[in-house]
Amino acid sequence: MDFEIDAKIAEYEARGARQAMLGLTDIDGVLRGKYVGFDKLKSLFAKGGGFCDCVFGWDVDDQLYDGGAVTGWHSGFPDARYRLLSASERALPESGTPYFVGEFASDDASDHPVCPRTVLRRILARADRLGLAAKAGFEYELFVFDEDADSVRDKGFRDLQPLTPGNFGYSVLRAASNSEIFQALMDYCADFRMPLEGLHCETGPGVWEAALAVADGLEAADRAALFKTFSKAFFAKRGAMATFMAKWSMDYPGQSGHYHFSLLDSAGANVFAGADASTDVPDRARWALGGLVRYVPEFLPMLAPTVNSFTRLVKGAWAPTAATWGIDNRTAAFRFIPGDDKSQHIEGRVGGADGNPYLVAAATLGAAILGIEQRIEPPEAVSGNAYDVEDSLPWEWRFAPTLRDAANRLAQSRMARELFGETFVDHYVATRLWESREYERHVNDWQLSRYFEII
């Protein structure tokens, strides 16, 4: 991308912009950033910048971890270096303010060991060494409420008013009745260079499903990270509120963050295509499925990163509890989707909407690439209800039942350390164990209603 900063700033000023916005993704996928003036923007493109590395030392509530491999009280929380990515340039739709994605770097300008975007970039580089490139798209379910940040707290996050009532999946009536906001969101996303290929109501009050358009591997994750933050901003400006929790209420299905991907060869041909998927699956697609079955259970916290994630991964809730695969089978963890040479691909159905897009993509693609490298043959495809066979599967294909168990399994994974790096695995495991301890040391509503009177 041809990017001359002085010319760009003149362009920005001509359209009335007076500052830029930048954002960097923390370990949980939360965008941390700031507005900067144009003089500062020039400096950032010339020599990079520094951002307090506490963003790798605290949780989603800005509470500091009691351990971590890269920062903490022991380090004094210095600045981490970062660079802005000119190819990420886009404009905030309602103001024209330029926006840039940032990527963390080490002091010597080498890759930062726990920057989520860098973790994915290293996986894509591994694919490139095999002559492969990823095409991918994320698909998110989100609950939208007729609430705001104050009202949900006033109500204690209970008895919330959904934007639309009732169970009405794929409802043309709901979408047409609320056409102004549906169409406005699609326009907003297109204007912000994160276009949606589809938007519809899902089953449950106020549930929407948004499918982001397919893009190259890093760009697809960038768009997903931006969508999760800026769709919330879109609704907030209209007096509404969206959540990407994996499960906000036990009364309704969980919210997924499915990851669709294919791998292309150096000529741009889809290596997952080229066979009749109803009777045969091409070699590299089959080996990729073998890698997913073999390794995703070890990498699970990268797709299910919160305590809440595991309330979604239960039988009968449209989410898998073990590493299974099937041909066009939505009960399996990995769905091989038949199509033409361009559209035949794999859908990873493990991740929830709460996942960090960069880490979901890194874990999924990493497992698939290992499968191709090692030519791992998958088990037999599941036909019918995958839940019926999960209890009979080998232990290593089943998902851990809690975040703590999943984090401990990741810590012991030799291939995770080889793929993602020792420092990343140690730091990430420490953050997930912290998340588990924070949950375990708090009294919740279930405990009160179960034990208060009877025990």
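The values are calculated or read from the model by the stated rules, or taken from the named source; none is laboratory data. Nothing here was measured: the structure is a model prediction, and the numbers come from that model. All Cβ positions, even for glycine, are placed from backbone atoms using ideal geometry, and neighbour counts span all protein chains on display. We work out accessible area using only protein heavy atoms, side chains counted, and drop any ligands, DNA or RNA first. Shrake-Rupley method; radii C 1.70, N 1.55, O 1.52, S 1.80 Å.
Summary table
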| item | result |
| --- | --- |
| Answer residue from the range 221-233, given it is open to solvent by 10 Å² or more (accessible area, probe 1.4 Å) and among the charged types (D, E, K, R) and is farthest from GLY131 (Cα to Cα) among those | LYS232 |
| Extreme residue, most open to solvent (accessible area, probe 1.4 Å), among residues of the range 299-350 that are more than 23 Å from LEU120 (Cα to Cα) and in contact with a His (Cβ under 8 Å, 6 or more places away or on another chain) | GLY339 |
| Test: PHE227 is in contact with a strand residue (DSSP E or B) (Cβ under 7 Å, 6 or more places away or on another chain), within 23 Å of ALA363 (Cβ to Cβ), touching a residue at least 12 places away in the same chain (Cβ under 8 Å) and not charged (D, E, K, R) | yes |
| Residue among SER88, SER43, SER110, SER75 that is among the polar types (S, T, N, Q), over 21 Å from the mean Cα position of the chain (by Cα) and under 19 Å from LEU22 (Cα atoms) | SER43 |
| Subset of the range 358-370 (residues that are of a type outside the set (Gly, Ala, Ser) and either open to solvent by 10 Å² or more (accessible area, probe 1.4 Å) or in contact with a Pro (Cβ under 8 Å, 6 or more places away or on another chain) (or both)) | TYR358, LEU359 |
| Selected residue (criterion: least open to solvent (accessible area, probe 1.4 Å)) from residues of the range 14-34 that are part of a strand (DSSP E or B) and farther than 15 Å from TYR82 by Cα | ALA20 |
| Hits in the range 69-105 (condition: in a loop (DSSP other than H, G, I, E, B), farther than 24 Å from SER231 by Cα and open to solvent by less than 30 Å² (accessible area, probe 1.4 Å)) | THR71, GLY72 |
| For TRP434: the one exception among (1) open to solvent by less than 50 Å² (accessible area, probe 1.4 Å); (2) assigned to a loop (DSSP other than H, G, I, E, B); (3) farther than 16 Å from LEU303 by Cα | (2) |
| Residue count, the range 152-184 (criterion: touching a strand residue (DSSP E or B) at 6+ places or on another chain (Cβ under 8 Å) and either surrounded by 12 or more Cβ atoms within 10 Å (Cβ to Cβ) or free of Cβ contacts under 8 Å to residues at least 24 places away in the same chain (or both)) | 12 |
| Yes/no for ALA411 being surrounded by 19 or more Cβ atoms within 10 Å (Cβ to Cβ) and not hydroxyl-bearing (Ser, Thr, Tyr) | no |
| For ARG129: the one exception among (1) at pLDDT 95 or above; (2) open to solvent by 10 Å² or more (accessible area, probe 1.4 Å); (3) in contact with a strand residue (DSSP E or B) (Cβ under 8 Å, 6 or more places away or on another chain) | (3) |
| Single condition LEU218 does not satisfy, out of (1) under 23 Å from PHE336 (Cβ atoms); (2) open to solvent by 10 Å² or more (accessible area, probe 1.4 Å) | (1) |
| Residues satisfying the stated conditions in the range 234-285, i.e. of a type in the set (Ser, Thr, Tyr) and open to solvent by 40 Å² or more (accessible area, probe 1.4 Å) | TYR252, SER266, SER278, THR279 |
| Residue check, ARG117 open to solvent by less than 40 Å² (accessible area, probe 1.4 Å) and of a type in the set (D, E, K, R) | yes |
| From the options GLU377, GLU373, residue that is in a helix (DSSP H, G or I), touching a residue at least 60 places away in the same chain (Cβ under 8 Å), open to solvent by 10 Å² or more (accessible area, probe 1.4 Å) and not aromatic (Phe, Trp, Tyr) | GLU373 |
